[in-house]
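See structure below.
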Amino acid sequence: MEIRKNYINGEWQLALGGASRDVINPANGEVIARVADSTAEDTRQAIAAAHAAFYGKGEWRRMAAPRRAELLHRVADGIKARADELARLDCLDNGKPLREARGDVDDAAACFRYYAGLISVPQGGVYEVSDAFGPMHAYSMHEPIGVCGLITPWNYPLLMATWKLAPALAAGNCVVFKPSELTPLSAVVLFEILHAAGLPAGTANLVLGTGPAAGQLLAESHDVDMVTFTGSTRTGQLIASAAVGNLKKVGLELGGKSPNIIFADADLEGAVEWAMIGVFFNQGEVCSAGSRILIEESIKDAFVARLAERANAMTIGNGLDDPDMGAIVSQGQMDKILAHIERAKQQGARLVCGGERYTEGECARGYFVRPTVFDNCRRDMDLVREEVFGPVVAVQTFRTEAEAIAMANDTPYGLAGGVFTSDGARALRVIREIRAGVTWVNCYNPTFNEAPWGGYKMSGYGRDLGVNGLQEYQQVKQVNINLQPGVLGWYQH
Ligand code: NDP
């Protein structure tokens, strides 16, 4: 089987030590590819290439923004041209349903176009400053940060890569990217597209391998100026502490235990459908998953019954067959989800539906979990406190708006939250009180390239997407020009 390679300094190469690893299809446990299994030495080489490209010739950062934008549009064209292949690959190594993977591909192309557009309009500002020092002209300009290390998880392989690569490159940085070892295949194609688009050698580098072996150096190296990471809170903490050596900038998009608050005056049917998307989309492997449903007591029974009915009707299967829900990414992740389910049962939550591995037909060979709803959950249960990252939701009840808000904020996380109500003023009141970076009213999970995405509290800091997402990868330089050389203003006696 051909080994998928690292892409360093414009060239494809095997890991320096020659090691490679299998990539598994979680729908049936079969090996679908072999990829380079890199060590810190490969990453060191990739960082050196990015460093030389940025601080040496500086071709990419010096390139006029419209030309950079043109190349990013070419990348978007390349993604569209290879859309079927990319969607299939994300489906194969992640397990997600094909139409969801197709949506990710469309979003990825649109994201490159969005950032190409953003850098095509002037940035920076001109300032009216006092003449205390004599006549002065002041302005600011946005510059790239330098060498950026990008580390992404396995739940949205192509899209998470794009959320980081598109703004980092648009800003003029040189990057080293390490995708998850579980889902590296679409990244390889994306780098073929970057290569074909004509990015200068060393601008974008790809290192395949595990986090501890190939990723850690991106946080530690003094030749990296910024590291951005999406993944678990624990790994985020490791990265933040490894990054202090050279005080590199750190961006962290971490886990969540997000509240989805449903008031009795909400459209019940709509709330059920959005709650399903909130917690079962992408097998529930979504950082913003609405994994805590907080529901007003008077409608709880009707809501839970309808949610269970809809969950039980979901089709489960190989992502390529486009079911409602695909496979969990790995056996390890499936075992972790099943352990959460067992603990919830032991701790007294009432299992309403699901609660077990799904093994019908061909699925017996893969890693599938039935969509699971637990009722009667309490704040002290692990299911209410810990991120599961799977299709499992905890239902709790409240009686008053104040109680709902207190329950929503009763978590160390602060990534997302939703509110369902037909009372507009209440929706806005509650949203203002939720300590989370991404919130929804009468919907759950829609995400837009134009709007910033990121967390409060232990869900991290920094923002992906939107103008803020570009600014994360920029630094601002202030320029002050003396218009009358020799004049020292008030300083001159
Ligand atoms: P991790 O946070 O460990 O992995 C995310 C990325 O970080 C992967 O590319 C991983 O590499 C890399 N990584 C791991 N350790 C290091 C390190 N020391 N230095 C640099 N990079 C590192 O998540 P897991 O895959 O282990 O999932 C565990 C749990 O994390 C899930 O059950 C879920 O709760 C949560 N999670 C949250 C995500 C989110 O979007 N918020 C996404 C994924 C997981 P590799 O995997 O190749 O070793």
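Do the conditions hold for Ala240, that is, is it among the aliphatic types (A, V, I, L, M) and over 19 Å from the mean Cα position of the chain (by Cα)? Here the answer is no, as Ala240 does not meet what is asked.
The one condition from (1) of a type in the set (Ser, Thr, Tyr); (2) out of contact with any Lys or Arg (no Cβ under 7 Å at 6 or more places or on another chain); (3) under 28 Å from Arg379 (Cβ atoms) that Tyr491 does not meet is (3). The helices (runs of 4 or more DSSP H) located wholly in region 10-126 that include 1 or more residues which are more than 24 Å from the chain's Cα centre (by Cα) and not acidic (Asp, Glu) occupy 40-51, 59-62, 65-81.
Set side by side, the residues Gly361, Gly348 differ, and just one is under 30 Å from Glu403 (Cα atoms) and out of contact with any Asp or Glu (no Cβ under 9 Å at 6 or more places or on another chain), which is Gly348. Is region 185-203 home to any residue that is in contact with a Ser or Thr (Cβ under 6 Å, 6 or more places away or on another chain) and either hydroxyl-bearing (Ser, Thr, Tyr) or modelled with pLDDT of 95 or more (or both)? No, that holds for no residue.
Checking Gly231, Gly278, Gly255, Gly290 one by one, the residue that is small (Gly, Ala, Ser), at pLDDT below 95 and either crowded, with 22+ Cβ neighbours inside 10 Å or more than 16 Å from the ligand (Cβ to nearest atom) (or both) is Gly255 and no other. I'm checking my understanding of the structure. Among residues of region 105-126 that are among the small types (Gly, Ala, Ser) and under 14 Å from Ala69 (Cβ atoms), which one is surrounded by the most Cβ atoms within 10 Å (Cβ to Cβ)? Per the stated criteria, the residue is Ala116. Scanning region 434-493 for residues that are assigned to a helix (DSSP H, G or I) and modelled with pLDDT of 95 or more gives Gly466, Val467, Asn468, Gly469, Leu470, Gln471, Glu472.
For (1) crowded, with 19+ Cβ neighbours inside 10 Å; (2) polar (S, T, N, Q); (3) at pLDDT 95 or above, each residue gets a yes or a no:
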{"position": "Asn6", "(1), (2), (3)": "yes, yes, yes"}
{"position": "Ala19", "(1), (2), (3)": "no, no, yes"}
{"position": "Asn25", "(1), (2), (3)": "yes, yes, yes"}
{"position": "Glu30", "(1), (2), (3)": "no, no, yes"}
{"position": "Ser38", "(1), (2), (3)": "yes, yes, yes"}
{"position": "Glu41", "(1), (2), (3)": "no, no, yes"}
{"position": "Ala50", "(1), (2), (3)": "yes, no, yes"}
{"position": "Phe54", "(1), (2), (3)": "yes, no, yes"}
{"position": "Arg62", "(1), (2), (3)": "no, no, yes"}
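Condition test on Met381, is it surrounded by fewer than 20 Cβ atoms within 10 Å (Cβ to Cβ) and more than 28 Å from Pro446 (Cβ to Cβ)? Yes, satisfied. For region 417-437, the condition of being polar (S, T, N, Q) and closer than 28 Å to Asp104 by Cα holds for none of the residues. Being within 30 Å of Ile239 (Cα to Cα), assigned by TED's automatic domain parsing to the domain that holds Val279, of a type in the set (S, T, N, Q) and touching a residue at least 24 places away in the same chain (Cβ under 8 Å) is a property that Asn376 lacks. Quick check: anything in region 349-367 within 30 Å of Ser180 (Cα to Cα), away from the ligand (no atom under 16 Å from the Cβ), surrounded by 21 or more Cβ atoms within 10 Å (Cβ to Cβ) and in contact (Cβ under 8 Å) with a residue 60 or more places away in the chain? Yes, region 349-367 contains a residue that is within 30 Å of Ser180 (Cα to Cα), away from the ligand (no atom under 16 Å from the Cβ), surrounded by 21 or more Cβ atoms within 10 Å (Cβ to Cβ) and in contact (Cβ under 8 Å) with a residue 60 or more places away in the chain. Here the condition is being without any contact (Cβ under 8 Å) to a residue 60 or more places away in the chain, more than 30 Å from Gly348 (Cβ to Cβ), crowded, with 22+ Cβ neighbours inside 10 Å and not assigned by TED's automatic domain parsing to the domain that holds Glu128; of Gly437, Gly424, Gly454, it holds for Gly437 alone.
Among the residues of region 358-390, those identified as in a helix (DSSP H, G or I) and farther than 22 Å from Arg343 by Cα are Gly361, Glu362, Cys363, Ala364, Arg365. Exactly one residue among Glu269, Glu220, Glu253 is in contact with a Lys or Arg (Cβ under 8 Å, 6 or more places away or on another chain) and of a type in the set (Asp, Glu), and that residue is Glu269.
Between a residue in region 468-493 that is under 29 Å from Pro122 (Cα atoms) and in the same structural domain as Gly134 (by TED's automatic domain parsing) and any residue that is part of a helix (DSSP H, G or I) and at pLDDT 95 or above, which pairs come within a Cβ distance under 6 Å, given they are 6 or more apart or on different chains? Taking only residues 6 or more apart or on different chains, the pairs are Gly469/Pro167; Leu470/Leu118; Leu470/Pro167; Tyr473/Pro167; Tyr473/Ala168.
Each residue in region 391-420 was checked for being outside any loop (DSSP other than H, G, I, E, B) and not hydrophobic (A, V, I, L, M, F, W, C), and 8 of them qualify.
The values are calculated or read from the model by the stated rules, or taken from the named source; none is laboratory data. As the structure is a prediction and not an experimental result, all values here were calculated from the model. We place every Cβ from the backbone using ideal geometry, glycine too, and count neighbours over all the protein chains shown.
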